[in-house]
Amino acid sequence: MTERTLIREALDVFTARRRARQLAVAVGFAPAPSLEIAIVVSELGTNILKYGVRGEIVVSRTTPPVPMGVEVVAEDEGPPIADIELAVRDGYGDRGPIDADQWLGRGGIGAGLGAVIRLSDSFEYHPGPGKKFFRAIRYLHTRRVVRV
Amino acid sequence: MIQGTARIPIIRLWSLLLVPVQGELTDTHAEQLRHDVLAEIHAAGSSGLILDVTGLWMMDSHMCAVLTGLAQATALMGTRTIVCGINADTAITIQSMGLELRGVRTALTLEQALLAFGVQPPPDGIDDPLDEIAGFEHST
């Protein structure tokens, strides 16, 4: 059970997050967590559009020995994030605070990665070389282990 | 399949504007919506704006930023904004994401948003409001 979506424009993000929700429901998630998995995909997909190069989102059902759940991998060929610790803080990009006046211009408030982490049970960032990717997992039953 | 191409209606209700936010909004659509709403407020001299998000199946940080930005822009024009129609799942999600609709007033339902702007509900006991209109004939 795998859904692969190339992210080239906003409509692709919409497609990816709809597919993610459907897959989550199929795996057995209730409506609320399925919605949260869709939001994880939405945030990671939007990040690819804004900062990434040639990216894709792959959503799949986890396979043993990983506990049952949904895994979201967001991969692109853009440069690695300069400061991941900073980037996951709300209201920050990877190079410092985000000016509130630029909210609409950025189409976000710099809360994307922070939201992904809060909505996931497991979160990993793998920088380059050549490709970087994020992996977020939401487990059906067990509780969270977050690693940055 | 819903595409991000639907134009969002802007409805005049006396001195208020009602915008049923729905579908999937790209940045372009969000910018277009902001432009249209602000232009309409300017043209109509609206005293209040209601953003009804009942038609949104999800709100991510991007959508929160669009709504907050719109509310802040209308505030600069002296117009209050109330967001209504956030369902339970979405409310929980916004909270678990650590997001907030900063400075945005919210109401549970469209009715409560209208009440907050001083709109009165119709009196009880009218079976068909059209009966009250002199000279109106039902077509069957």
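Condition check for A:V66 on (1) in a helix (DSSP H, G or I); (2) modelled with pLDDT under 95: one failure, at (1). Residue count for the range B:108-127 satisfying the condition of being open to solvent by less than 100 Å² (accessible area, probe 1.4 Å), at pLDDT 70 or above and in a loop (DSSP other than H, G, I, E, B): 6. Taking the criterion of being open to solvent by less than 10 Å² (accessible area, probe 1.4 Å) and not polar (S, T, N, Q), the residues of the range A:114-131 that qualify are A:G114, A:A115, A:V116, A:L119, A:D121, A:F123.
Considering the range A:1-47, the residues that are outside any strand (DSSP E or B) and more than 13 Å from chain B (Cβ to nearest Cβ) include one that is nearest to the chain's Cα centre (by Cα), namely A:L23.
Look at the range A:1-15: where a residue is surrounded by fewer than 21 Cβ atoms within 10 Å (Cβ to Cβ) and a partner is of a type in the set (A, V, I, L, M) and assigned to a strand (DSSP E or B), sitting 6+ places away or on another chain with Cβ atoms under 7 Å, you get A:T2/A:V58; A:E3/A:V59; A:R4/A:V58; A:D12/A:L6. Only a single item in (1) crowded, with 17+ Cβ neighbours inside 10 Å; (2) over 20 Å from B:M58 (Cα atoms); (3) among the charged types (D, E, K, R) is not met by A:E85, and it is number (1). Within the range B:75-121, the residues that satisfy the criterion of being within 14 Å of another protein chain (Cβ to nearest Cβ), hydrophobic (A, V, I, L, M, F, W, C) and more than 24 Å from A:S34 (Cα to Cα) are B:A75, B:L76, B:V104.
The values are calculated or read from the model by the stated rules, or taken from the named source; none is laboratory data. Not measured: the values here are computed from a predicted model. FYI the Cβ positions are ideal-geometry reconstructions off the backbone, even for glycines, and counts take in every protein chain you see. To get the accessible areas, we keep the full protein, side chains included, count just its heavy atoms, and leave off ligands, DNA and RNA. Shrake-Rupley method; radii C 1.70, N 1.55, O 1.52, S 1.80 Å.
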